[in-house]
Amino acid sequence: MAAAVLWVLASTWYLLSEAVTALALPGYSYAQHYISDLGVPETSAAAGAVTGSPLAAVMNLGLVHQGLLFSTGAVFAFRAMPAGRGRRAFLALALVHGAGSALVGLVHSDADHVAALHGVGAAMAIVGGNLAVITAGVVVRRSAPPRGFPVVSTVLGAAGLTSLVVLLVGSSAGGPLLGVGVWERGAVYTINAWEFAVAAAVLATRGRAGE
């Protein structure tokens, strides 16, 4: 239960931070611009970037808190999962996601000399998070999860990784169809959706127990 509460809080906080920051940045498009543009406080000359975000601190704090709350929730979930290597892999991947998300928030994409760390953090957050989602679905199959939850976990994680591949391939080819923002969010929002799915699964389990 504690993990579900922390994950819902993490996702809600992150999505609200993103929405508030995007509204404050003139010309920003969810479809055409990277999430990271919202966290850059200075004006950038990068081609196609919309930066100089007046509420960059809000976006960056949202990313840091997503990482911290996801990692903390993973520790609680780890204790409740069936014994085995799978749960250790889940915890490791969740911690990678948490550290990556925090790194993205602490080092923005236009930071002098250390901008590469932002890219490393983004890779950790997206790959680690989606692999953690898939692994969680595999681990809970050994117990008695709500119907469909393992499948939902696998589909969401796979969709997130697929979106990342499309983003990377499309960016190297001059821009993916639908816009970079669509595919980046496709790689990130699958993790957020899974956090809400966990809460729904917990409520469904409690409902069955109370019958």
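The values are calculated or read from the model by the stated rules, or taken from the named source; none is laboratory data. Every value quoted in this text rests on a predicted model; they were computed, and no experiment measured them. When we count neighbours, we look across all protein chains shown, and the Cβ atoms used for this are built from the backbone with ideal geometry, even at glycine. Side chains included, ligands, DNA and RNA excluded: accessible areas come from the protein's heavy atoms. Shrake-Rupley method; radii C 1.70, N 1.55, O 1.52, S 1.80 Å.
Taking 7 Å steps out from each Cα toward its Cβ at residue 32 and residue 19 produces label points 2.3 nm apart.
When only the heavy atoms of the protein chains count and the probe is 1.4 Å, how do 152, 202 rank by accessible area, highest first?
Numbers: 152 60, 202 35 Å².
Correct descending sequence by accessible area is 152, 202.
Recomputing percent of Cα pairs over 23 Å apart from the coordinates shown identifies the correct label among (i) 54; (ii) 44; (iii) 47 as (ii).
Across the chain, the longest piece that holds none of the trypsin sites (Lys or Arg not before Pro) lying in DSSP loops with up to 16 other C-beta atoms within 10 Å covers 1-140. For the peptides 59-69, 18-28, the ranking by mean Cβ contacts within 10 Å, running from highest to lowest, is 59-69, 18-28. Would you work out which of 56, 73, 126 lies farthest towards the positive end of the dipole of the chain, given +1 charges on the beta-carbon of Lys and Arg and -1 on that of Asp and Glu, about the Cα centre? My answer, from the dipole projection, is 73.
Considering only 200, 56, 99, the Gaussian network model of the chain with Cα springs below 10 Å gives its largest mean-square fluctuation to 200. Comparing 153, 86, 169 along the charge dipole axis of the chain, the residue lying farthest to the positive side is 86, per the Cβ-charge model. Evaluate E = 1/(1 + (r/R0)^6) for residue 2 and residue 141, where r is the Cβ-Cβ distance and R0 equals 25 Å; express this FRET efficiency to the nearest 0.05. About 0.70, to the nearest 0.05. Helical runs (DSSP H, four residues minimum) scored at -39500 (n - 2.57) apiece and divided by the length of the chain put the mean residue ellipticity at 222 nm at -25000 deg cm²/dmol.
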